[in-house]
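The values are calculated or read from the model by the stated rules, or taken from the named source; none is laboratory data. A quick note: this is a predicted structure, and the numbers were derived from the prediction, not measured. Cβ placement follows ideal geometry from the backbone for every residue including glycine, while neighbour counts extend to all protein chains displayed. Side chains are part of the model used for accessible areas, which takes the heavy atoms of the whole protein and leaves out ligands, DNA and RNA. Shrake-Rupley method; radii C 1.70, N 1.55, O 1.52, S 1.80 Å.
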Amino acid sequence: MKKFEKLTGLVVPIDRANVDTDAIIPKQYLKSIKRSGFGPNLFDDWRYLDRGEPGMDHGQRRINPDFVLNQPRYRGAQVLLARDNFGCGSSREHAPWALDDYGIRAIIAPSYADIFFNNCFKNGLLPIVLDRATVDRLFRETETTPGYRLAIDLAAQTVTTPGGVEFRFEIDAFRKHCLANGLDDIGLTLQHIGEIEAYEVRRRREAPWLFGRS
Amino acid sequence: MAGKTLYDKLWDAHVVRRNDDGTCLIYIDRHLVHEVTSPQAFEGLRLAGRKVWRVESNLATADHNVPTTDRSKGIADAVSRLQVETLDRNCHDLGITEFGMDDPRQGIVHVVGPEQGATLPGMTVVCGDSHTSTHGAFGTLAFGIGTSEVEHVFATQCLILKKSRNMRVRVEGIVGPGVTAKDIVLAIIGRIGTAGGAGSAIEFAGSAIQALSIEGRMTVCNMAIEAGARAGMIAVDDKTVEYFRGRPYAPSDEIWERAAHAWRDLRSDPDASFEKDILLEAAEIRPQVTWGTSPEMVVAVDGVVPDPQTEADPIRRESMLHALTYMDLKPGTRLRDIALDKIFIGSCTNSRIEDLRAAAQVAKGKRVAGTIKLAMVVPGSGLVKAQAEKEGLDRIFKDAGFEWREPGCSMCLAMNADRLEPGERCASTSNRNFEGRQGAGGRTHLVSPAMAAAAAIAGHFVDVREL
């Protein structure tokens, strides 16, 4: 997994609450058996005026000039600013894959849907929670300041505005550790093989029906 | 010491290891697998040279991409076909049991698991699918996971998790006639919002929940995720235990007796406490219809489309305005005056035999309105389909002008050929009314099976209580 340490990145605002994973990456692209290549289809229904299908040349499609991602000032954005309950809906990890493939490295929102939040950490993507008032302020500053960039420091757990105002964010110690070191948590779990095996032995005795065939 | 909640009990029973940072390594009993969220996990496993930890824990079926029409010609869409074939090949190579597209037991993974007894009370059940919460209906800790976690479960039979908060939603009293499990859960989501259960595991309780059939309880738990909770669950009672008796993967004989005895403890202790506790009066719940693009945008069928100008919160108001534009609706419009183009009866929310019976009862001897372009019934599994045909439900539907299809997820999310065209409006028994969910530009109204069937006959929404 990609490490996340520090980033100073251009911010793109998605000013809607409850942005769902169907909006982040529509279902037709979930037919892929690969992990990469979803970037051109991030927010596909909002980003293009025509209907997209897998295998199309997305560079040839009609773009929606009103959608924020298509505005030249936000080209190359690495930080996505969002509203409450971002990533609600399905468990598709294609949503963080699409954000990552597009170039987004961090998200800032007042809250996230649980599964999406969890999936981000598995892909080197940092979802930062800041309170509503702060997020409101960042939206205002992003919209009124062309080229608005935020500096994110995972070790210090801070987001710093171009004006030097610093906001602290909370993150679970384990997630921070994995993200900062780019660790694959399967490898970490497999350090506990003995405990998993001991658990299985005990449970097979206590509740053998849990180990029935399938 | 305060008593334990059902969630506490399920959690504690599955802790393999408590880590210093507050996370736990949690053992997974059953892993359900489908074609969409597994290929990258299988590939990751192979690339890392890892084996599947406990092959017999896994049960796979193809559901999202499969056609609901004649399957003898296979899947027309090459991309969909490759995904289903990839699942077939992976399961074959690794020895994982799969109900392939032509197996009579194939169907929506959340219908198939319980139907086979592959899901049992007291288990931890995961699947790369958010509607895994469905399985909580049996006193099970069940939740959806992403593809990285699918790979983690394949490789380790465990997940590293942080415990969620305990939340309870009680529905007390008796629901009126025509009010179903779907209406109850939509009313709950309308009350607490799509993020109301975020960070929590919701236990659904109260006399109206206890009164539900097991299938009704599955409908309620299915939509826990639509209230933001990764897991929803309901205590075990006699109905739960009886539901599993004799199912193919359920235990038998002496082990059955032991299991059934253990399952009866799968309920919250009387003195257990919940960080959030919500109460709804069952008698106040009316048949529900969503009007917007989030399941929380829901009103009773005798109501009207709400006016965003009455919403004080600016972000919510903006969402409502967006939704009304997308849905092409005006505030004050009576739900009953909304005309429909298509009807979809199916999905992991409402495609089990009781759902089909409820819809057939409404459709019996009637005709789908001439203005409806397509009304389709998609059973949740091959076994549900066979049972419905045995009861003659297929004839009722076909005589009324519904299409009777093969099992799968179908137009709930439109990954196969079943979809809405831009601008089409659908009464759907599925779980999400997000923009584009049933097809780009399509407009979804979530309802119960009886309400969907009634809307098919009338061509617009009607109150099933008046039939």
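Of A:Asn123, B:Cys426, B:Ala195, whose Cα points farthest to the positive end of the dipole of the protein assembly as shown (charges on the beta-carbon: +1 Lys, Arg; -1 Asp, Glu; origin at the Cα centre)? The residue sitting most towards the positive pole is A:Asn123. Beta bridges assigned by DSSP with both partners in the range A:6-183 are antiparallel in approximately 50 percent of cases.
Counts of other chain beta carbons within 10 angstrom of each beta carbon in peptide A:15-23 average 6. For the range A:62-178, the solvent-accessible area with a 1.4 angstrom probe is 37 square angstrom per residue. Close amide H contacts of B:Val298 (hydrogens built in the peptide plane, cut-off under 5 Å, sequence separation of 5 or more or a different chain): B:Trp291. Only Lys, Arg, Asp and Glu carry charge here, each on its Cβ (+1 for the first two, -1 for the last two); on that basis the protein assembly as shown has a dipole of about 500 debye about its Cα centre. The antiparallel fraction among DSSP beta bridges confined to the protein assembly as shown stands at about 30%. Peptide B:152-163 shows a mean partner chain C-beta count of 4 within 10 Å per residue C-beta. Each of B:Phe99, B:Cys24, B:Ala62 was placed along the dipole of the range B:6-124 (beta-carbon charges, centred on the mean Cα), and the one lying farthest toward the positive end is B:Cys24. The calculated 222 nm mean residue ellipticity attributable to helices in chain B amounts to -9000 deg cm²/dmol, summing -39500 (n - 2.57) over DSSP H runs of n ≥ 4 and dividing by all residues. The mean number of partner chain beta-carbon atoms within 10 angstrom of a residue's beta-carbon across peptide B:188-199 is 3.
The spacing between the range B:162-179 and the range B:426-467, judged by their C-alpha centroids, is 23 Å. Taking a ≥ b ≥ c as the square roots of the eigenvalues of the alpha-carbon gyration tensor, the range B:299-389 is classed prolate because a/c is 1.5 or more and a/b outweighs b/c.
For the range A:6-183, lysine pairs with C-alpha atoms less than 30 angstrom apart, excluding pairs fewer than eight positions apart on the same chain, total 8.
A simple packing score, the average count of other Cβ atoms within 10 Å per residue, orders the peptides B:233-245, A:16-28 as A:16-28, B:233-245, with the highest score first. Find the centroid of the Cα atoms in the range B:287-357 and in the range A:100-145, then give the distance between the two in whole Å. Here the answer is 28 Å between Cα centres. Each of the peptides B:153-160, B:39-46 was scored by the mean count of other Cβ atoms within 10 Å over its residues; in descending order, highest first, they stand as B:153-160, B:39-46.
Placing unit charges on the Cβ atoms only, positive for Lys and Arg and negative for Asp and Glu, gives the range B:296-375 a dipole magnitude near 600 debye about its Cα centre. Surface burial for B against A, with a 1.4 Å probe and both sides summed, reaches about 6000 Å² of accessible area. Going by a ≥ b ≥ c, the root eigenvalues of the Cα gyration tensor, does the range A:6-183 fall in the rounded group (a/c under 1.5), the prolate group (a/b larger than b/c) or the oblate group? In terms of gyration-tensor shape, oblate. The trypsin sites (Lys or Arg not before Pro) of the range A:56-146 that DSSP puts in a loop, and whose beta carbon has at most 11 other beta carbons within 10 Å, are A:Arg62, A:Arg75. Measuring only protein heavy atoms, the 1.4 Å probe finds B:Asp302 accessible over about 60 Å². Between A:Ile107 and A:Leu80, A:Leu126, A:Ile128, the built amide H atoms are under 5 Å apart, and every one of these is 5 or more places off in sequence or on another chain. Dipole of the range B:317-467 computed with +1 at Lys/Arg Cβ and -1 at Asp/Glu Cβ about the Cα centre; of B:Gly441, B:Gly401, B:Leu374, farthest Cα towards the positive end is B:Gly401. By the gyration tensor of its Cα atoms, with a ≥ b ≥ c the square roots of the eigenvalues, what is the shape of the protein assembly as shown: rounded for a/c under 1.5, prolate for a/b over b/c, or oblate? Rounded is the answer for the protein assembly as shown, as its axis ratio a/c remains below 1.5. Within the assembled protein chains, the solvent-accessible surface assigned to B:Val55 is about 50 Å², based on a 1.4 Å probe. Here chain B carries DSSP beta bridges of which approximately 25% are antiparallel, counting only pairs with both residues inside. The calculated P(r) of the range A:143-193, using every Cα pair and 10 Å bins from 0, goes 21, 36, 24, 14, 5, 0 in percent. Residues in chain B average 33 Å² of solvent-accessible surface per residue, probe 1.4 Å, ligands and nucleic acids excluded.
Separation of the range A:52-72 from the range B:215-231 is 35 Å, based on Cα centroids. What a 1.4 Å probe finds exposed on chain B is 50% carbon and sulfur by accessible area, rounded to a whole percent. Rounded to the nearest 10 Å², what accessible area does A:Asp101 have for a 1.4 Å probe in the complete protein model? Here the residue's solvent-accessible area equals roughly 70 Å².
A loss of 40 Å² or more of accessible area (1.4 Å probe, protein heavy atoms, ligands and nucleic acids excluded) relative to the isolated chain is seen in these residues of the range A:170-194: A:Asp172, A:Phe174, A:Ile186, A:Thr189, A:Leu190, A:His192. Straight-line cross-link partners of B:Lys390 among the lysines, defined as a Cα under 28 Å from its Cα and at least 8 positions apart when in the same chain: B:Lys73, B:Lys182, B:Lys239, B:Lys342, B:Lys364, B:Lys366, B:Lys373, B:Lys398. Backbone phi angles across the range A:116-133, fed through the Karplus curve with coefficients 6.51, -1.76 and 1.60 (θ = phi - 60°), yield HN-Hα couplings of 4, 3, 5, 4, 4, 4, 6, 10, x, 9, 9, x, 9, 9, 10, 5, 4, 5 Hz in residue order; Gly and Pro are listed as x. Dipole size of chain B about its Cα centre, with +1 on Lys/Arg Cβ and -1 on Asp/Glu Cβ: approximately 260 debye, rounded to the nearest 20. Counting protein heavy atoms only, chain A has 50 percent of its accessible area on carbon and sulfur, 1.4 angstrom probe.
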